[in-house]
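The values are calculated or read from the model by the stated rules, or taken from the named source; none is laboratory data. Not measured: the values here are computed from a predicted model. Methodologically, a virtual Cβ is constructed for each residue, glycine included, from the backbone with ideal geometry; neighbour enumeration extends over all protein chains shown. In case anyone asks, the SASA skips ligands and DNA or RNA and just uses the protein heavy atoms, side chains included. Shrake-Rupley method; radii C 1.70, N 1.55, O 1.52, S 1.80 Å.
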Amino acid sequence: MSDQDQSKAANQMWGGRFAEGPDAIMTAINASIGFDKRLYAQDIRGSRAHAAMLAAQGIITDNDAQAIGEGLLTVLSEIERGAFEFKTELEDIHLNVESRLTDMIGEAGKRLHTGRSRNDQVAVDFRLWVRDQCDAAISGLTALMQAFISQAEAGADMVMPGFTHLQTAQPVTWGHHMMAYVEMFARDRSRFEDARRRMNECPLGAAALAGTSFPIDRHATAAALGFDRPTANSLDSVSDRDFALEFLAAASICAMHLSRFAEELVIWSSAQFRFVRLSDKWTTGSSIMPQKKNPDAAELLRAKLGRILGATVALFTIMKGLALTYSKDMQEDKEQVFDAADNLMLGLAAMTGMVSDMAAQTENLRIAAASGFSTATDLADWLVRRLGMPFREAHHVTGALVALAEKAGIDLPDLSLAQMQSVHAEITDEVFTVLGVENSVNSRLSYGGTAPVRVREQIARWKASLA
C-alpha cells in the first residue's frame, strides 16, 4: 500500500477531522496491532453481541445484524487459518476487523460501531481475555495441586528433614512437605477465582467515557458475553485496568510459589543432597562436563518470577498517574499482561510435569532426617511431659545433651543412658522411644501436623475437594 493509500485508509477510520495522514514514525508508535491482534476472538465475540443487541433494540435492522454476525464469523475464520492481513496503518485489532468486515459486507459493516467507542471496545476485549486467563490459571493450578497430592500420597510415611534457615530442624514426612505446596497453590487458585469474580462486569456500552444517547441494552450484552452485570459507571468502565493488575498480582504470588519449589528442586537434585532424581525430560547436560545433569527447567522456572513481577510493576507504573478517563498510555497495558500470562501458564505446566515425574530418594531422605540432632525438640518435650520440667530448663538440658553427643561424634539416639544421666539423673530409658525419626513424626498429631495420619486426612480432604 502506498503512503497515499495508507493515509486514505487511516483517514477513513478516523473521520474528517484529519486532513493529512500520520507520519511513519507516528504510525509506528501509535499502532498496537503487532500485539493486540491476540484479542481477535474476544473482539469478534464482543462485536457480535453488540450487533445482536443493536438489532434487538431497533437501532440497526435485523438484516444488517445478520450480515454483521456472519461477516464477523468469516473474519474469525480468516484469522484462525492465517489468511487475514493485519495492517499497521489501521492501528489495532478493532479497526482491522471492522475494515475487513466493511470490505466484505459494505454499508452494514459501518453500522457496527453505533453506540460504542474503541474505549469501551478495548475494555471489554481485554477483560474477556484476562478472564479467560484466570480460567486457564485455575485449571493449571488444579492440575499442579493434583500432582503434589499424588506425591504426598505415595510418601505419607516417608521421613525427611524439615528445615529452618536451611539447617536441619525436625523430622517431617515427605507427604507433609508436598501438602504444604498444595495449600500454597490452593490460595493462588482462590486469588484467581476472586479476581475473576470481581472482573466479571461488562464495560461495553460505556462508549468513549459518558455512555451513549442510543437506547442500548447493556444488560443484554453483558449476559451474552457471560458477565454477571454491566459496569455501573461509564467513567470507571473505560479508564481502569485494576482487573489486569489483580491478575498480575495473583500471577506474581503464584510465580513466587513456583520459584520456591523450583529452588528446592535445584537443591534437592544436587549431588550434595540427592533427595530427588529428575528425569532426562527436565534436565540438560553440560557442553564440557559429561557428568553434569543440570536442573535447567527448575532454574528457568525460578527466574520467571522476575519477569512476571516486572510486568506487574510496569502496569502499576503506567496506570499510577492517569487522570480520568482514557489516555493513550493505556495502550501499553497489554504486552505486559500477555507476557506474564504466557510465562505463568508455561511455568504451571512445566512444574506439573516435574512434580509428576520426580522420584524421591527414600533412603537419602531418611538418613538426612536423622542427622543434625533433629529429634532434640522431641527430647525436650519428653523432659517436660515425663519429668515435669519447665520448657526453658528442658531446653537447657537438651542443649547440654546435644553438646555431649556432638563432642562424642554421635547423634542423640546413640548416647547411652548413662551418658544422658550424667547430664540429668532422672532421665530413664523411656527417652529412647521418642528419639527415632519415625517416632518423632508419628508423635506430631496436632491438627496440621506432620504425623502420617494427619497427612492422610489432608490428602483425603483435598482429593474430595478437587473431585
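If you go through the stretch 381-408 one residue at a time, how many are of a type in the set (Asp, Glu) and closer than 21 Å to residue 444 by Cα?
Number of matching residues: 1.
Select from the stretch 304-322 the residues that are open to solvent by 60 Å² or more (accessible area, probe 1.4 Å) and closer than 30 Å to residue 265 by Cα and list them in ascending order.
307, 309, 313
Considering the stretch 162-183 alone, what residues qualify as being open to solvent by 30 Å² or more (accessible area, probe 1.4 Å) and either of a type in the set (S, T, N, Q) or in a helix (DSSP H, G or I) (or both)?
If the condition is that a residue be open to solvent by 30 Å² or more (accessible area, probe 1.4 Å) and either of a type in the set (S, T, N, Q) or in a helix (DSSP H, G or I) (or both), then 164, 167, 168, 170, 176, 177, 180, 183 are the ones that fit.
Collect the residues in the stretch 287-317 that are more than 13 Å from residue 258 (Cα to Cα), modelled with pLDDT under 95 and among the aliphatic types (A, V, I, L, M), keeping them in residue-number order.
Selection gives 288, 289.
Restricting attention to the stretch 113-139, report how many residues are under 30 Å from residue 208 (Cβ atoms), among the hydroxyl-bearing types (Ser, Thr, Tyr) and part of a helix (DSSP H, G or I).
Residues meeting the conditions: 0.
When the residues of the stretch 362-381 are narrowed to those that are surrounded by fewer than 19 Cβ atoms within 10 Å (Cβ to Cβ) and in contact (Cβ under 8 Å) with a residue 12 or more places away in the chain, which ends up farthest from the chain's Cα centre (by Cα)?
381
Would you confirm whether any residue within the stretch 90-112 is within 21 Å of residue 215 (Cα to Cα), outside any helix (DSSP H, G or I) and modelled with pLDDT of 95 or more?
Looking for residues that are within 21 Å of residue 215 (Cα to Cα), outside any helix (DSSP H, G or I) and modelled with pLDDT of 95 or more, one finds at least one in the stretch 90-112, hence yes.
Across the stretch 323-340, what is the number of residues that are among the hydrophobic types (A, V, I, L, M, F, W, C), crowded, with 19+ Cβ neighbours inside 10 Å and more than 15 Å from residue 39 (Cβ to Cβ)?
Restricting attention to the stretch 323-340, the residues satisfying the condition of being among the hydrophobic types (A, V, I, L, M, F, W, C) are 323-324, 330, 337-338, 340.
Narrowing further to those that are crowded, with 19+ Cβ neighbours inside 10 Å: 330, 337, 340.
Retained after the next criterion (residues that are more than 15 Å from residue 39 (Cβ to Cβ)): 340.
Counting residues in the stretch 323-340 that are among the hydrophobic types (A, V, I, L, M, F, W, C), crowded, with 19+ Cβ neighbours inside 10 Å and more than 15 Å from residue 39 (Cβ to Cβ) gives 1.
Would you mind stating whether residue 142 is part of a helix (DSSP H, G or I) and more than 27 Å from the chain's Cα centre (by Cα)?
It is false that residue 142 is part of a helix (DSSP H, G or I) and more than 27 Å from the chain's Cα centre (by Cα).
Please state which of the following conditions residue 384 fails to meet, knowing it meets all the rest: (1) part of a loop (DSSP other than H, G, I, E, B); (2) surrounded by 13 or more Cβ atoms within 10 Å (Cβ to Cβ).
With respect to (1) part of a loop (DSSP other than H, G, I, E, B); (2) surrounded by 13 or more Cβ atoms within 10 Å (Cβ to Cβ), residue 384 is out only on (1).
For residue 67, are the conditions met, namely being at pLDDT 95 or above, in a loop (DSSP other than H, G, I, E, B) and over 17 Å from residue 124 (Cβ atoms)? Step through it out loud before you land on a result.
Working: at pLDDT 95 or above: yes; in a loop (DSSP other than H, G, I, E, B): no; over 17 Å from residue 124 (Cβ atoms): yes.
When the stated conditions are applied, residue 67 does not pass them.
Write out, first by first residue and then by second, each pair whose Cβ atoms fall under 7 Å of each other, whose residues are 6+ apart or on separate chains, and whose first residue, in the stretch 412-434, is open to solvent by 70 Å² or more (accessible area, probe 1.4 Å) while the second is among the β-branched types (Val, Ile, Thr).
Short answer, once both residue conditions are applied: 421/427.
Hey, can you tell me all the residues within the stretch 52-68 that are closer than 12 Å to residue 111 by Cα and open to solvent by less than 20 Å² (accessible area, probe 1.4 Å)?
Matches in the stretch 52-68: 54, 55, 60, 65, 68.
Working only within the stretch 382-411, note down all residues that are touching a residue at least 12 places away in the same chain (Cβ under 8 Å) and of a type outside the set (Gly, Ala, Ser).
Residues satisfying the conditions are 382, 383, 386, 387, 395, 397, 398, 401, 402, 404, 406, 411.
Filter the stretch 439-467 for residues that are of a type in the set (Val, Ile, Thr) and assigned to a helix (DSSP H, G or I); which is most open to solvent (accessible area, probe 1.4 Å)?
The extreme case among them is 453.
Here are some residues: 207, 156. Which one is in a loop (DSSP other than H, G, I, E, B), open to solvent by less than 30 Å² (accessible area, probe 1.4 Å), modelled with pLDDT of 95 or more and within 19 Å of residue 368 (Cα to Cα)? Steps first, answer last, please.
Working: 207 fails: within 19 Å of residue 368 (Cα to Cα).
From the options 207, 156, the qualifying one is 156.
Answer yes or no as to whether residue 265 is of a type in the set (A, V, I, L, M, F, W, C) and open to solvent by 10 Å² or more (accessible area, probe 1.4 Å).
No; evaluated as a whole, the condition is false for this residue.
Does residue 301 satisfy the criteria of being buried (at least 20 other Cβ atoms within 10 Å of the Cβ), among the hydrophobic types (A, V, I, L, M, F, W, C) and closer than 30 Å to residue 271 by Cα?
So residue 301 passes the test.
From the list 186, 244, 271, 249, exactly one residue is of a type in the set (A, V, I, L, M) and without any contact (Cβ under 8 Å) to a residue 40 or more places away in the chain. Which is it?
Testing whether each residue is of a type in the set (A, V, I, L, M) and without any contact (Cβ under 8 Å) to a residue 40 or more places away in the chain leaves just 271.
Evaluate the following for residue 222: is it out of contact with any helix residue (DSSP H, G or I) (no Cβ under 7 Å at 6 or more places or on another chain), crowded, with 22+ Cβ neighbours inside 10 Å and farther than 30 Å from residue 363 by Cα?
yes
Tell me whether the stretch 201-223 contains one or more residues that are closer than 21 Å to residue 338 by Cβ and out of contact with any Ser or Thr (no Cβ under 6 Å at 6 or more places or on another chain).
For the stretch 201-223, residues closer than 21 Å to residue 338 by Cβ and out of contact with any Ser or Thr (no Cβ under 6 Å at 6 or more places or on another chain): absent.
Out of all the residues in the stretch 88-107, which are open to solvent by 10 Å² or more (accessible area, probe 1.4 Å) and more than 33 Å from the chain's Cα centre (by Cα)?
89, 98, 99, 100, 102, 103, 104, 105, 106, 107
Can you confirm whether the stretch 238-254 contains a residue that is outside any helix (DSSP H, G or I) and either in contact with a helix residue (DSSP H, G or I) (Cβ under 7 Å, 6 or more places away or on another chain) or not acidic (Asp, Glu) (or both)?
There is at least one residue in the stretch 238-254 that is outside any helix (DSSP H, G or I) and either in contact with a helix residue (DSSP H, G or I) (Cβ under 7 Å, 6 or more places away or on another chain) or not acidic (Asp, Glu) (or both).
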